[in-house]
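Reading through the structure tokens given below for one structure.
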Amino acid sequence: MNSLAGGRARGPVKRWSERLACIDQAASTNDVVRRWAREGRPEGDAVLARIQTRGRGRAGRSWFSAPGAGMFLSVLLRPALEARRAARLTLIVGLALAEALRCAYRVEAGLKWPNDVRVEGRKLGGILCEASLCGAAVEYVVVGAGVNLNVAEGEFPRELRGAATSLAMLRGGERFRPEALAGVFLDRLEDEYGLHLRGGWEGQRRRW
């Protein structure tokens, strides 16, 4: 039954995967979501870009973001957490991404601190969490996640060959839709994040 607020019926709350905005291009999906956060957009709003022109990883490193090559996604979180606990969210996102890969594609990915998703010793994906703090509390967190999907070995920049991998390389050249992985990942992240806020950290830390 729908509840009433201000005389108007409110429908069921959509899951994060149902609130995903797909765009053709962004300098960085993290920058898009940071702007949303400042505009007051709600937690769980997410964006997926076909290409990033200035995608970045940890410590300002660039992220390979060719058209259709991968999943380039960011989502907004507004956790009621102390600032000193914000780093835990990177682990939570890693768990969700590894679980999404296992469930969607039967890929058993490992996690390397602080933000690498790896298969067979090579980097398949990465995570970039950027927090805005207000004193000792977290104001919001922009979660960025990238996964190499449709990239052949020779299509990686020379410096990444031998160090990076993709789902296509792992699965014999098969092609993958970024939207499909994004939906599974957002569902897993919503569940893991909710568990974390309910006090599930110790179990999640052991799983990581």
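The values are calculated or read from the model by the stated rules, or taken from the named source; none is laboratory data. Here the structure is a predicted model, which means the values were calculated and not measured. We place every Cβ from the backbone using ideal geometry, glycine too, and count neighbours over all the protein chains shown. We work out accessible area using only protein heavy atoms, side chains counted, and drop any ligands, DNA or RNA first. Shrake-Rupley method; radii C 1.70, N 1.55, O 1.52, S 1.80 Å.
Listing for the model above:
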item	result
The chain, accessible surface, carbon-and-sulfur percent (1.4 angstrom probe)	48
Surface accessible to a 1.4 Å probe, per residue, for the residues of region 83-157, Å²	40
Zone of Arg198's modelled label, taken as backbone nitrogen in region 122-145 under 18 Å from a point 7 Å along Cα→Cβ	none
Per-pair calculated FRET efficiency, R0 = 45 Å: Glu120 and Arg38 via Cβ, rounded to 0.05	0.65
³J(HN,Hα) computed for each position of region 131-145 - Karplus, 6.51 cos²θ - 1.76 cosθ + 1.60, integer Hz, glycine/proline x	9, 10, 10, 10, x, 9, 10, 7, 7, 7, 10, 9, 9, x, 9
Kyte-Doolittle at least 0.5, axis length at least 20 Å by Cα - qualifying DSSP helices, the chain	88-105
FRET E, pair Asp24, Ala180, Förster distance 25 Å, beta-carbon r, rounded to 0.05	0.90
Over the chain: helical MRE at 222 nm, DSSP H runs n ≥ 4 each giving -39500 (n - 2.57), nearest 500	-9000 deg cm²/dmol
In range of the label at Ala163: residues from region 123-150 whose backbone nitrogen is under 11 Å from the point 7 Å along Cα→Cβ	123
Whole-Å distance, taken between Cα centres, linking region 61-117 and region 128-183	8
Residues listed by number, region 140-167, amide nitrogen under 17 Å from Ile51 label point at 7 Å toward C-beta	149-152, 155-157
Val119 accessible area, 1.4 Å probe, all protein chains in place, Å² to nearest 10	10
Reported label for calculated Cα Rg over 2.2 N^0.38 Å given [x] 1.18; [y] 0.96; [z] 1.03	[z]
